[in-house]
Amino acid sequence: MSKPVNYPALVSDLVEEFRALLVDSLVAYLVNSKIFVLEDFTPPDERGGVYLYPDSLKKFLKHWEEKLQARITHPHTGYKVNNRRCLELQVWEYVACLMGEQQVYRPVRWNKW
């Protein structure tokens, strides 16, 4: 399936650095801990899409917010920040490159989780 013409590729590129740390680990935790079960999801629609029911979506968003609030050490600054702030710092890193304030973009590389 191809991406739409107005697909926000830059956003996807910036988020990719955090995919394993935030998204993949959260989904694995939610499934392996049986926090989400089959009954939390809708049956496939006519195009094969499967979605969370509204109450299950609220449950997911609660866990997602907890994940964003978890504190980590930012690899470039060495400061303890929450994951949301870490994402924001990477956006500013990118902006600094665009504005010529920084010569090279430094992606986040996670040594350990």
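The values are calculated or read from the model by the stated rules, or taken from the named source; none is laboratory data. The structure presented is a predicted model; accordingly, all values stated were derived computationally and were not measured. A quick note on method: Cβ atoms are made from the backbone with ideal geometry, for glycine too, and the neighbour counts reach across all protein chains shown.
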Those residues that are part of a helix (DSSP H, G or I) and among the aromatic types (Phe, Trp, Tyr), I need them from region 45-87; list them, please. Phe60, Trp64
Any chance you could count how many residues in region 88-106 are more than 17 Å from the chain's Cα centre (by Cα) and either part of a loop (DSSP other than H, G, I, E, B) or of a type in the set (A, V, I, L, M) (or both)? 11
Just checking, does region 92-99 include any residue being modelled with pLDDT under 90 and exposed (fewer than 11 other Cβ atoms within 10 Å of the Cβ)? yes
Members of region 54-90 that are charged (D, E, K, R) and surrounded by fewer than 13 Cβ atoms within 10 Å (Cβ to Cβ): Asp55, Lys58, Lys62, Glu65, Glu66, Arg71, Lys80, Glu88
Hey, could you check region 34-49 for residues that are surrounded by 10 or more Cβ atoms within 10 Å (Cβ to Cβ) and farther than 29 Å from Arg71 by Cα and say which is nearest to the chain's Cα centre (by Cα)? Phe41
Would you please name the residue that is farthest from Asp13 (Cα to Cα), looking only at residues in region 100-113 that are hydrophobic (A, V, I, L, M, F, W, C) and surrounded by 11 or more Cβ atoms within 10 Å (Cβ to Cβ)? Trp110
Kindly provide the set of residues from region 16-33 that are touching a residue at least 24 places away in the same chain (Cβ under 8 Å) and either farther than 18 Å from Lys59 by Cβ or surrounded by 14 or more Cβ atoms within 10 Å (Cβ to Cβ) (or both), ordered by number. Glu17, Phe18, Ala20, Leu21, Leu22, Leu26, Leu30
